[in-house]
Amino acid sequence: MKLRQTIGYQVIRDWLAENNRTPFDYQEEAWQLILSGSSGLVNAPTGYGKTFSVFLGALIQYINEHPETFRSKRPQALQLLWISPLRALAKDIGRAMEEALQALGIPWTVGIRNGDTPTSERQKQKRKSPEILIITPESLHLVLAQKGYPDFLKSLRLIAVDEWHELIGSKRGVLVELAMCRIAALRKEQETELSFSIVGISATIGNLEQAMEVLLSPLEQPGTIVRARLPKQTELISILPDEIEKYPWAGHLGLKLVEKIIPIIEASTTTLLFINTRGMSERWYQTILDVAPQLAGAIALHHGSIEQDLRLWVEDALHAGTLKCVVCTASLDLGVDFRPVETVIQVGSPKGVARFLQRAGRSGHQPGAVSRIYFLPTHSLELVEAAALKAAMDKEMIESREPFLLCYDVLIQYLSTLAISEGFNAEQAFREVRSTFCFREMTKAEWQQVLQFLVHGGQALQQYDEYKKVELIDGLYRITSRRVAMRHRMHIGTIVSDAMLKVKFVSGGYVGVIEEWFISRLEPGEVFTLAGRNLELVMIKDMTVLVRKSSSKKSIVPSWMGGRMPLSANLGQLLRHTLNEAGKAGPENIELYALAPLFELQNQLSQVPEENELLIEQIETKDGFHLYVYPFEGRLVHEAMAAILAYRISKIQPISFSFAMNDYGFELLSDQPIPVDDTNVYELFSTDNLFADIQRSVNSTEMAKRKFRDIAVIGGLLFQGYPGEHKKARHLQASASLLFKVFQEYEPDNLLMRQAYQEVFDQQMEETRLRNMLERIQQSRIILRFPEKLTPFCFPIKVDSKREQLSSESLEDRVRKMQLQLLK
DNA sequence: GACCTGCTGCGGTTTG
């Protein structure tokens, strides 16, 4: 069917024109895709109306099929399933859809199904289905856990998977894959003439083709990628210290440059200030108020440990334009389309090209407009990242998001889900599950193990009734216990969080959450900071921290245990490449030019490595003998490499080390000379016996034990407690360790155990990247240098390793003193 | 088990 000749097209085009909505260059292509009943992926920068285009495509299809009656007829059955990873966005999207439907006179209804949906509303949706349902991956699985779900889903014409780039690189993506394989199979059973499509909506990532393949895998037919053609332009402006020589060589906070951002904030209507960690965002917020008290009331704080209500208030105020600046963490990364801002500032390394561009894209939000982002380095060398990011934007070197493979924990959860609703047939389920990208390599034997596990709790746990959940009844695997079913429903999902304590005023009102280990260090009467307020600890009761407002000037800023996002491989490569120009760059290359004095000193003492070189520095200080290596591969790879290198050196001669590392390099420190020289250095970085050496040097069992906790929770082996129930994090960890031990002893090839080790290799050590690095080093020139004192390159690593012994004030003094000594 | 810089995201009931 030719799109332009259809009535649906006319109706929608007329309506868009009446409302002065600019058409997007890719829009008709997206509509044609949906109209032809095919599947695919729509890719465009934020602000290019991806969401709306796909929604309108569904309407065009409907109008075309009911040209006379589309304004009167009500299907009263689900037509469009809208999967969105963010609860908070559902209302915005739903409202926009409702407005359009009303304007067009199409009597469809929009429903929202997620954890916020009240029970009454859920029941209503079941009795009378809305035509559009906006849902999270988790809630979709809860639908699959309901009896009669096939009827509910049978009328579906289109599934839109919004923000697919966010989901694909996580286990939440696996939830989506599994739901797709079930729904696709349902639709095949129905033998209907009506088309059924899956359309992913994605920002740009390195592996867009693969992202589509993963999503559409169960359909067993190729898809089409629809791309916006208009390129997005981004401009990066570095915030430079006045005298680079005096700017700290180490550190992560960057507060020294606070004066420079005040004029930027004042000159723009709204500014987002992105900070890498929650703790540092609290300190930035406070500091800005200290140096610019006139901003009081016009500036707010937003991060993941602040109470939802407060965050919503901030988001609304941002939307309404009553705030001039929001200091935030990645909590404001998503939800872009509905909250545009004028200016964006990134403090410290964004760690990856994609994240940086996404944040930049929050400004200059209209198609064709230039996005502008300021970059504020937290130590001198970090300025190189600004230069590298500029190159990345030219070359469009955007990271890939690797899909997860063979997540048996998620599979076990999914099969339990089916077992409590309609039950499943083993043969059929095997075929369906194997049609997903995630499980296409699963063997029959592994599938049998999964079934065994569901029915008997596997080999190791078979004497415990608690782990026997599923029964085979008349050829179908089912869960009949209502108690088990209820527990399971409450555990659907793949996000396992640490136990947090709620923080609440004695007078009532919640402020946010804090981690157990942090608050247990404080005595009643001590003051800490949360959500920008100074709070005095009164007491801890029932997993709630009771506080009152404090006017004390002294306050402890909490830290939260977060993820450790390492520098991405792309950004690392670009950094190495950028260093080629160090010392040669002219004034047009602002960042490198500013860094010239630093590079000069580095060259004087040691050397600035080029792209095809690996620099190793050996320095003797009063602390002992240091060996510094600079692969620029991110701290996880460096952590593993440090352990492997230490092990390999110790085979030459007995010697013990302590380690330190950051995203640029790592340090080995010993009290005796380190035997690394021209004769053995290539061998020390060889890929030979890598696997064996990893096993001997890195404590992978301990790492796997940690990973296993999450796997056991997702796989339903560990019960986290009923909502509102108070279970300490310790207990969960303890029971996970116990299970781990049992498997280790009685069932070492258990699927979930193997998965834990696999996750350690893939995620904790980034094994592929480690191997690639060693192969690269073998092709490089290794440069050994013996500087007489610390160099600008090793300085930040050295400072980080000192940090544990010093408080932050004395650390700052110490850094200044060390730096001054070197400059003499 | 955490602190040494260290993010985000989700989630219950049922069947007359």
Worksheet item: Are there GluC sites (Glu not before Pro) in the range A:353-405 that DSSP puts in a loop and that have at most 13 other Cβ atoms within 10 Å, and which ones?
Response: A:Glu396
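If you take the square roots of the eigenvalues of the alpha-carbon gyration tensor of chain A and sort them as a ≥ b ≥ c, do you get rounded (a/c under 1.5), prolate (a/b over b/c) or oblate?
prolate
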Response to the item:
Heavy-atom accessible area with a 1.4 angstrom probe orders A:Ser120, A:Ser552, most exposed first, as A:Ser120, A:Ser552
Response to the item:
Quick shape summary for the range A:234-395, equivalent ellipsoid via Cα gyration tensor, semi-axes whole Å in descending order, reads 23, 20, 14
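At 1.4 Å probe size, with the rest of the protein present, what percent of the exposed accessible area of the range A:3-227 is carbon and sulfur atoms?
On the way: 4040 of 8620 Å².
On the range A:3-227, the fraction of accessible area on carbon and sulfur atoms equals 47 percent.
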Worksheet entry | Length-normalised contact order for chain A - Cα pairs under 8 Å, 6+ apart - percent | 12
Practice prompt. For A:Glu613, enumerate residues with amide H under 5 Å from its amide H, sequence gap 5+ or separate chain, H modeled in the peptide plane.
Written response: A:Arg781
Discussion item. Just to check I understand the Karplus step: with θ = phi - 60° and J = 6.51 cos²θ - 1.76 cosθ + 1.60, what whole-Hz values come out for the range A:755-766, glycine and proline as x?
Written reply: 4, 4, 5, 4, 5, 4, 5, 6, 9, 6, 10, 6
Response to the item:
One point scatterer per Cα, no solvent, Debye formula: log10 I(q)/I(0) for the range A:500-549 at q = 0.24, 0.29 Å⁻¹ comes out as -0.82, -1.29
Worksheet entry | Acute angle (nearest 10 degrees) that the helix A:700-714 long axis makes with the longest principal axis of chain A, alpha-carbon atoms | 20
Worksheet item: If the cut-off is 16 Å between C-alpha atoms, which lysines fall inside it for A:Lys817, apart from same-chain ones fewer than 8 positions away?
Response: A:Lys246, A:Lys622, A:Lys789, A:Lys798, A:Lys802
Worksheet, complete the sentence: Row for the range A:3-227, column shape: gyration tensor on C-alpha, a ≥ b ≥ c, rounded if a/c < 1.5 i.e. under 1.5, prolate if a/b over b/c, else oblate; value rounded
Worksheet, complete the sentence: In degrees rounded to 10, the 0-90 angle between helix A:50-65 Cα long axis and the longest Cα principal axis of chain A is 10
Fill in: For the range A:579-647 and the range A:334-412, distance of Cα centres in Å
25
Worksheet entry | Within the range A:263-311, GluC sites (Glu not before Pro) in DSSP loop having at most 16 other beta-carbon neighbours inside 10 Å | none
Discussion item. Please list, in order along the range A:403-409, the HN-Hα scalar couplings obtained from phi with the Karplus expression 6.51 cos²θ - 1.76 cosθ + 1.60 (θ = phi - 60°), rounded to whole Hz, x for Gly and Pro.
Written reply: x, 6, 10, 6, 7, 5, 4
Worksheet item: Can you list the trypsin sites (Lys or Arg not before Pro) in the range A:17-103 that are in a DSSP coil and have 16 or fewer other beta carbons within 10 angstrom?
Response: A:Arg21, A:Arg71, A:Lys73
Worksheet item: What pairs in A:Lys91/A:Lys390; A:Lys50/A:Lys171; A:Lys50/A:Lys124 have C-alpha atoms more than 27 Å from each other?
Response: A:Lys91/A:Lys390; A:Lys50/A:Lys124
Discussion item. How large is the accessible surface of A:Asp290 in square angstrom, using a 1.4 angstrom probe and rounding to the nearest 10?
Written reply: 110
Worksheet item: Where the centre of each part is set by its Cα atoms, how far does the range A:221-257 sit from the range A:432-474, in angstrom?
Response: 47
Worksheet item: Relative to the longest principal axis of chain A, what angle (0 to 90°, nearest 10) does the C-alpha long axis of helix A:308-320 take?
Response: 90
Worksheet entry | Helical mean residue ellipticity (222 nm; -39500 (n - 2.57) per DSSP H run of 4+; nearest 500) of chain A | -13000 deg cm²/dmol
Practice prompt. Report ³J(HN,Hα) in whole Hz for each residue of the range A:564-576, in order, from the Karplus equation J = 6.51 cos²θ - 1.76 cosθ + 1.60 where θ = phi - 60°; Gly and Pro get x.
Written response: 10, 5, x, 3, 6, 4, 4, 5, x, 4, 5, 5, 4
Discussion item. For A:Ile556, what residues show an amide H to amide H distance below 5 Å, using hydrogens built from the backbone and excluding near sequence neighbours?
Written reply: A:Val527, A:Phe528, A:Thr529
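The values are calculated or read from the model by the stated rules, or taken from the named source; none is laboratory data. It should be emphasised that the depicted structure is a prediction, and the values quoted were computed from it without experimental measurement. When we count neighbours, we look across all protein chains shown, and the Cβ atoms used for this are built from the backbone with ideal geometry, even at glycine. All accessible areas refer to the heavy atoms of the entire protein, side chains included, with ligands and DNA or RNA removed. Shrake-Rupley method; radii C 1.70, N 1.55, O 1.52, S 1.80 Å.
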